[in-house]
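**Q** Structure in structure tokens, see below.
The values are calculated or read from the model by the stated rules, or taken from the named source; none is laboratory data. All figures in this text were calculated on a predicted structure; none of them were measured in a lab. Cβ placement follows ideal geometry from the backbone for every residue including glycine, while neighbour counts extend to all protein chains displayed.
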Amino acid sequence: RLRELCGLAGIVKASDEDVLRLWPGADPGETCRRLAGEGRLVVLTRGSRGATAYTRAGEPVTVPAVQVEVVNTIGAGDAFMAAVLNWLSREGEFARAGELSPAGAAEMLGFASRVAASVVAQEGTRPVPVPVS
């Protein structure tokens, strides 16, 4: 059922572990490319290995994770997705997320990575405010 819902969404965020659970044996990158080819923004998070955005507009864009001392990973994915949605809304790109430019995707992922890093560097779920640049 969750796989069907991914097909209906305009924006999909999944970890590499999520993709492997939903599509056992499939390559996460190929799965994300296929979903993005249908016109949606797909964001694949890989923890300390960074995140990649896939759009119909071009090649995948990858940013490294922000290096911090990890204290607690609870809420990191939620914070990352909230930051993605915040960035898309602030930049007026929400309705065109699947057509995001590579530069826009890199900026969005960088912001989301900084927000997620502020969460994992804290005990509990009270992140340090991240400046909106």
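**Q** Filter region 39-52 down to the residues that are among the small types (Gly, Ala, Ser) and under 15 Å from Ala82 (Cα atoms) and list them by number.
**A** Ala51
**Q** Taking Gly25 as the residue in question, decide whether it is touching a strand residue (DSSP E or B) at 6+ places or on another chain (Cβ under 7 Å) and at positive phi.
**A** no
**Q** Restricting to region 74-115, what's the tally of residues that are of a type in the set (Gly, Ala, Ser) and touching a Pro at 6+ places or on another chain (Cβ under 9 Å)?
**A** Total meeting the criteria: 4.
**Q** Only one of Phe111, Phe80 is in contact with a strand residue (DSSP E or B) (Cβ under 7 Å, 6 or more places away or on another chain), among the aromatic types (Phe, Trp, Tyr) and modelled with pLDDT of 90 or more; which?
**A** Exactly one of Phe111, Phe80 is in contact with a strand residue (DSSP E or B) (Cβ under 7 Å, 6 or more places away or on another chain), among the aromatic types (Phe, Trp, Tyr) and modelled with pLDDT of 90 or more, namely Phe80.
**Q** Right, next: Applying the selection to region 27-56, what residues are surrounded by fewer than 18 Cβ atoms within 10 Å (Cβ to Cβ), closer than 18 Å to Ala95 by Cβ and not charged (D, E, K, R)?
**A** Matches in region 27-56: Gly39 only.
The rows are residues; the columns are (1) free of Cβ contacts under 8 Å to residues at least 60 places away in the same chain; (2) surrounded by 13 or more Cβ atoms within 10 Å (Cβ to Cβ); (3) assigned to a helix (DSSP H, G or I).
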site: Gln67; (1), (2), (3): yes, no, no
site: Val84; (1), (2), (3): no, yes, yes
site: Leu88; (1), (2), (3): no, yes, yes
site: Arg96; (1), (2), (3): yes, yes, yes
site: Ser113; (1), (2), (3): no, yes, yes
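**Q** Further question on the same structure: (1) part of a loop (DSSP other than H, G, I, E, B); (2) surrounded by 15 or more Cβ atoms within 10 Å (Cβ to Cβ); (3) among the hydrophobic types (A, V, I, L, M, F, W, C): which one isn't true of Val12, the others all being true?
**A** Condition (1) is where Val12 drops out.
**Q** Six or more apart or on different chains, Cβ atoms under 7 Å: show the pairs whose first residue is in region 8-34 and of a type in the set (A, V, I, L, M) and whose second is surrounded by fewer than 17 Cβ atoms within 10 Å (Cβ to Cβ) and modelled with pLDDT under 90.
**A** Hits for this filter: Leu22/Leu2; Leu22/Arg3.
**Q** Same structure, new question: Among (1) assigned to a helix (DSSP H, G or I); (2) within 16 Å of Lys13 (Cβ to Cβ), where does Thr73 come up short?
**A** Looking at each condition in turn, Thr73 falls short on (1).
**Q** Could I ask something else about it? May I ask you to list the residues in region 43-59 that are part of a loop (DSSP other than H, G, I, E, B) and at pLDDT 95 or above?
**A** Result: Gly50, single match.
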